[in-house]
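Chemist: Starting off with a structure, shown below.
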Amino acid sequence: MKIQFERKGGFAGIPVAATIEVDQLPQPQAKDVHRTIEAAGFFSLPSNISAPAPQPDRFRYRVTIQTPQQTHTVSVDETAAPPALRSLIEKLSSLARKK
Amino acid sequence: MNQPICYYIPAHVLANINLARAKDLSEPGSLQQSAKVSEAFRQRRRQAGTAALTPAPPSAGPTRVPASSGTRSHSVPVTRGSSALAPAAIPAGLTTPIPGTHARLIYDDQNQWAFDLVDVRNEDDPALPGQNVNLAYDALGATLEFYREVLGRNSIDNLGLNLDANVNYGVDFDNAFWDGTRMVFGNGDGNIFQDFTKDVDVPGHELTHGVTQFTAGLQYSDQPGALNEATSDIFGACVDARVNHQDAGSFNWLIGEGIMAPQLYGEALRSMAYPGTAYDNSVMGRDPQPATMAGYVPGGDPHVNSGIINRWFYLMATDLGMDEAAKIWYATLQNLWPTAQFADTAQVAAAQARILARAGTVPSRAPQTVRGTAREQGII
């Protein structure tokens, strides 16, 4: 499973982009990522989740998850993310920072 | 604040009406007045809810009443804020601010992804051992002071809106924002950014988004978005310069230099004097801001094209003085509208400069400076 994580916006306006090879993570961490993706119902989410009006200096994320069976991309405003998707984003942010 | 979804009158007609009015008047438009009333009303409602959770003082023993704000509350159980609209009860020993008194309330979110968790310091309360609470408290105070003393504005809504700030929001959070109700600071990741309370232009910038929300309501995309972003950098810079007793000539015209992590010391997030030069390193990449309209990025992030307007303000301030340029910008902001373009802003600013020059507030050459610098920037 490969995850492409992108973040735009924020006070600094500095974009972040990272590729996470889930299978290369330590086993407990990889399992945790899989669990969080499932809890978010990621592959059933709409490809665009936007806030009614963009808030200044907030983040906008784009996450693409690719497995042998399917590939799905979700673009989401920070303020509009459902809680389970928010958890996934936090986890991926943390992994992206470590790269 | 709620943005209208649909206009009966087409946007371009509204824009022309606004433009014509803005050139003739120096008073804020009536739409702007009503926006302020809504947020002030909502805040009073929220704070009335908080006051209801505070029990009446016991009959025995004195009640200490601080000079400038409400009575000290007595022991109440600290409940966690469950939503943005229901802040926790004021804990024992903290002042209970009265709505509409431009009072500060600082909350510690304890590295949770939630707002207003624990109220730790309110207006007139003493400094705490933890540093970032006090930096937030002081920075909010400096921003309020700038708005009051230089622009004659009573807090963000001009009706004394109390200021709610949250520190320690989330984990390694590389951001700060105004969400329509509160100012929120992250700790930074330690790699690129330190705690976002460490540079006063951050809260100056973010709170100004609140001021824009209550005045022009500039939409956060394309040219209005760049104007919105630039306005926040402009008044953030003015607060920063004022705190450091600097003027247009001695100020560094940098945004965010104080929050850079140690390994990136000397870099900044934006340069208003030289857009596109704030940073250039392997960790952050290179500053993408254009310096003039020649480099305008169609559909660009508001933080990118704001460079054009930032430098325009820098040029005006360098000629006329920082406070004078700030007053022109503030008068302009009060006469703009959600879809205003760069060229509209130049026309309104020149008209407002004439009004302020006639009043003796800015030098008599101000209108020509406004137009000349706008032309230099390729805006007109």
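The values are calculated or read from the model by the stated rules, or taken from the named source; none is laboratory data. Every value quoted in this text rests on a predicted model; they were computed, and no experiment measured them. Counting neighbours? That spans all protein chains shown, and the Cβs are built from the backbone with ideal geometry, glycine included.
Chemist: Between a first residue in the stretch B:86-109 that is at positive phi and surrounded by fewer than 21 Cβ atoms within 10 Å (Cβ to Cβ) and a second residue that is modelled with pLDDT under 95 and in a strand (DSSP E or B), which pairs have beta carbons less than 8 Å apart while being 6 or more apart in sequence or on different chains?
Modeler: B:Gly93/B:Arg72
Chemist: Additional query: Among the residues of the stretch B:269-298, count how many are modelled with pLDDT under 95 and more than 12 Å from chain A (Cβ to nearest Cβ).
Modeler: Matching residues across the stretch B:269-298 total 1.
Chemist: Taking B:Val171 and the conditions (1) surrounded by fewer than 21 Cβ atoms within 10 Å (Cβ to Cβ); (2) more than 10 Å from chain A (Cβ to nearest Cβ), which numbered condition does it fall short on, given that it satisfies the others?
Modeler: The failed condition is (2).
Chemist: So, in the stretch B:274-315, how many residues would count as being among the hydrophobic types (A, V, I, L, M, F, W, C) and in contact with a strand residue (DSSP E or B) (Cβ under 8 Å, 6 or more places away or on another chain)?
Modeler: Here the count works out to 1.
Chemist: Using the structure shown, decide if A:Arg86 is within 13 Å of chain B (Cβ to nearest Cβ), touching a strand residue (DSSP E or B) at 6+ places or on another chain (Cβ under 7 Å) and within 30 Å of B:Gly210 (Cβ to Cβ). Full working, then the answer.
Modeler: Numbers: within 13 Å of chain B (Cβ to nearest Cβ): yes; touching a strand residue (DSSP E or B) at 6+ places or on another chain (Cβ under 7 Å): no; within 30 Å of B:Gly210 (Cβ to Cβ): yes.
Taking the combined requirement at face value, the residue does not satisfy it.
Chemist: Could you please find all residues in the stretch B:123-157 being buried (at least 23 other Cβ atoms within 10 Å of the Cβ), under 15 Å from B:Pro97 (Cβ atoms) and polar (S, T, N, Q)?
Modeler: B:Ser155
Chemist: Still on this model: Quick one: is B:Arg311 away from every other protein chain (no Cβ under 13 Å) and buried (at least 19 other Cβ atoms within 10 Å of the Cβ)? Working first, answer last.
Modeler: Details: away from every other protein chain (no Cβ under 13 Å): yes; buried (at least 19 other Cβ atoms within 10 Å of the Cβ): yes.
Taking the combined requirement at face value, the residue satisfies it.
Chemist: Does the stretch B:181-198 contain any residue that is more than 12 Å from chain A (Cβ to nearest Cβ), at pLDDT 95 or above and buried (at least 24 other Cβ atoms within 10 Å of the Cβ)?
Modeler: yes
Chemist: Quick one: would you say B:Ala317 is surrounded by 21 or more Cβ atoms within 10 Å (Cβ to Cβ), at pLDDT 95 or above and either in contact with a Ser or Thr (Cβ under 9 Å, 6 or more places away or on another chain) or over 30 Å from B:Pro363 (Cβ atoms) (or both)? Working first, answer last.
Modeler: Details: surrounded by 21 or more Cβ atoms within 10 Å (Cβ to Cβ): yes; at pLDDT 95 or above: yes; either in contact with a Ser or Thr (Cβ under 9 Å, 6 or more places away or on another chain) or over 30 Å from B:Pro363 (Cβ atoms) (or both): no.
So B:Ala317 does not fit the description; no.
Chemist: Mind telling me which of the residues B:Ala351, B:Ala343, B:Ala325 ends up being surrounded by fewer than 22 Cβ atoms within 10 Å (Cβ to Cβ), under 22 Å from B:Arg153 (Cα atoms) and aliphatic (A, V, I, L, M)? Quick ask: steps written out before the conclusion?
Modeler: Details: B:Ala343 fails: under 22 Å from B:Arg153 (Cα atoms); B:Ala325 fails: surrounded by fewer than 22 Cβ atoms within 10 Å (Cβ to Cβ).
The conditions single out B:Ala351.
Chemist: Sort out which residues of the stretch B:110-122 are surrounded by fewer than 23 Cβ atoms within 10 Å (Cβ to Cβ) and on the phi > 0 side of the Ramachandran plot, and write them in order of number.
Modeler: B:Gln110, B:Asn111
Chemist: So if I check each of B:Asp233, B:Asp222, B:Asp247, B:Asp240, which one is touching a strand residue (DSSP E or B) at 6+ places or on another chain (Cβ under 7 Å) and either more than 12 Å from chain A (Cβ to nearest Cβ) or among the acidic types (Asp, Glu) (or both)?
Modeler: Numbers: B:Asp222 fails: touching a strand residue (DSSP E or B) at 6+ places or on another chain (Cβ under 7 Å); B:Asp247 fails: touching a strand residue (DSSP E or B) at 6+ places or on another chain (Cβ under 7 Å); B:Asp240 fails: touching a strand residue (DSSP E or B) at 6+ places or on another chain (Cβ under 7 Å).
Within the list B:Asp233, B:Asp222, B:Asp247, B:Asp240, the selection yields B:Asp233.
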